[in-house]
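To start, the structure itself, in structure tokens.
The values are calculated or read from the model by the stated rules, or taken from the named source; none is laboratory data. What you see is a predicted model; the values in this text were computed from it and never measured. With ideal geometry, Cβ positions are generated from the backbone for all residues, glycine too; neighbour counts draw on all protein chains shown.
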Amino acid sequence: MHYNTSKWPIIGAQGRLPTRRKSDWANLPMHLLDSILENLVSRLDYIRFSVVCMPWYCVAKDNKRKFDEMSSCRHNPPLLLIQTPKKPEWNLYNPMEDQVLGLQLKFPKKRLCGSSKGWLIAMNMDLVVTLINPFLRVKGRQKRADSIIHLPPLACPDRLLDRVKAEFVNKATLSADPILEADKCIVMVIYEPTGHDLAFIRLNKDSSWTYIVDEKFSSLQDVVHVGDKFYVVEQMGRLFSFDITTDQSISNKQLVAGDTLEDFEYEVKTYIVVLDDNEWLMVQRVVEFDHGGRWTKEVRIFKLDFDKYKWIETETLGDVALFLGDNFSISVKALNFSGCLPNCIYFNYDFDRINSYPKNRIYDDYGVYNIESRSFSQAYTQEAKRLLEKTMQPPYWVVPTLQL
């Protein structure tokens, strides 16, 4: 049995239960709630269940084992965050169900520059970096006090214009959950508009950022943390690894793979996607700018050959789907999730570092790329498309977390 939780009242038009029926849902027999919970198939279903009302939350907490089993699946499909025009609210879009969820999220108005371990990483015009987890709750829908963590501001030359400050952090990631493993959590950012330098801060240990300036780095585009190392990739594919030492420095810097030796006619955005410890992908997305617009012209995929220190181009993902984004990228076994398209790449309109955004910018360079047919489609509902056309920020992927 599978319950279609997308139709439950929690995701109604206003994101709340109708008042006249609230008591009915809250007083369902315990054995029926247990039966519903036992047949949930995804973490999103579990999160929906837990925020309906207090009795449902208690049942979810008592059966936390089931949620932990769902969370142990390393690659769960992400949701898409789309900002509501002129409001500090974000809509959640589920591409698997092709549905805009009624549950809206509110958090401080900042530019998002990363998503990791279920947390969003944001920055404001004062270069203060903030970690946000909009899914953390104490009871039902009550937010936890530690769901927002403010870090010290990054150092920035006074000469930089406000527009440049808004782009100061290109990408950010975490090495561990800021609550569950705070002593192991390192926040790493690629900073400055050209993306040449790195900075990091260790939670509960450092009072300021440590800056890594390395002349060998050029146009860094993505950073990930795997095992006990950080990995950064340049635009043309050179991949480096390094450690963070106890004395706030980096060590064991190594070249993991060389560049792809390609000379692209257009601008290239490069992503790293870790399928597992032994299989890594690099995706190069070729984009063209014309008449104030931007669109993706080509997508190329490479697998990492660890032994030969090089990228090998591939023309298929098999039953895997990729979700690419400026804030983070993830792989999913498509056959495990209804509605997920195998051998396809879901991509967003990333934050431009080359062209300034017009105030009325339409983020239309998004959709699904079919690798086998080499075709593009915009397989989103009309409601989602309307939100994307009106938003003033690029959309972002996020994998919800829940701590009961």
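Annotations for the structure displayed:
- Within this structure, Val286 passes the test of being surrounded by fewer than 18 Cβ atoms within 10 Å (Cβ to Cβ), in contact with a Lys or Arg (Cβ under 9 Å, 6 or more places away or on another chain) and closer than 29 Å to Trp119 by Cα.
- For beta carbons closer than 6 Å, sequence separation of 6+ or different chains, a first residue in segment 330-343 that is among the polar types (S, T, N, Q) and a second that is part of a loop (DSSP other than H, G, I, E, B) and modelled with pLDDT under 90, the qualifying pairs are Ser331/His75.
- Residue identified as part of a helix (DSSP H, G or I), among the acidic types (Asp, Glu) and modelled with pLDDT of 85 or more among Asp177, Asp206, Asp183: Asp183
- Restricted to segment 237-261, and to residues there that are over 12 Å from Leu198 (Cβ atoms) and touching a Leu at 6+ places or on another chain (Cβ under 8 Å), the residue that is surrounded by the fewest Cβ atoms within 10 Å (Cβ to Cβ) is Leu255.
- Hits in segment 233-260 (condition: closer than 18 Å to Lys308 by Cα, without any contact (Cβ under 8 Å) to a residue 60 or more places away in the chain and assigned to a strand (DSSP E or B)): Val233, Phe240, Ser241, Lys253, Gln254, Leu255, Val256, Ala257
- Residue check, Trp280 over 30 Å from Ile149 (Cα atoms) and buried (at least 19 other Cβ atoms within 10 Å of the Cβ): yes
- Residue in segment 59-67 that is under 29 Å from Leu322 (Cβ atoms), in contact with a Phe, Trp or Tyr (Cβ under 6 Å, 6 or more places away or on another chain) and at pLDDT below 75 present: yes
- Residue within segment 248-266 that is closer than 20 Å to Ser115 by Cα and of a type outside the set (Val, Ile, Thr) present: no
- Number of the exception - Ile201 against (1) outside any strand (DSSP E or B); (2) under 19 Å from Arg111 (Cβ atoms): (1)
- Those strands (runs of 3 or more DSSP E) lying entirely in segment 72-136 with at least 1 residues within 13 Å of the chain's Cα centre (by Cα): 79-83, 89-94, 111-116, 119-123, 128-132
- Output for segment 172-223, where each listed residue is small (Gly, Ala, Ser), over 25 Å from Leu255 (Cβ atoms) and either outside the structural domain of Cys113 (by TED's automatic domain parsing) or buried (at least 16 other Cβ atoms within 10 Å of the Cβ) (or both): Ala176
- Number of positions in segment 276-314 that are in a loop (DSSP other than H, G, I, E, B) and either modelled with pLDDT of 90 or more or not assigned by TED's automatic domain parsing to the domain that holds Gly258 (or both): 4
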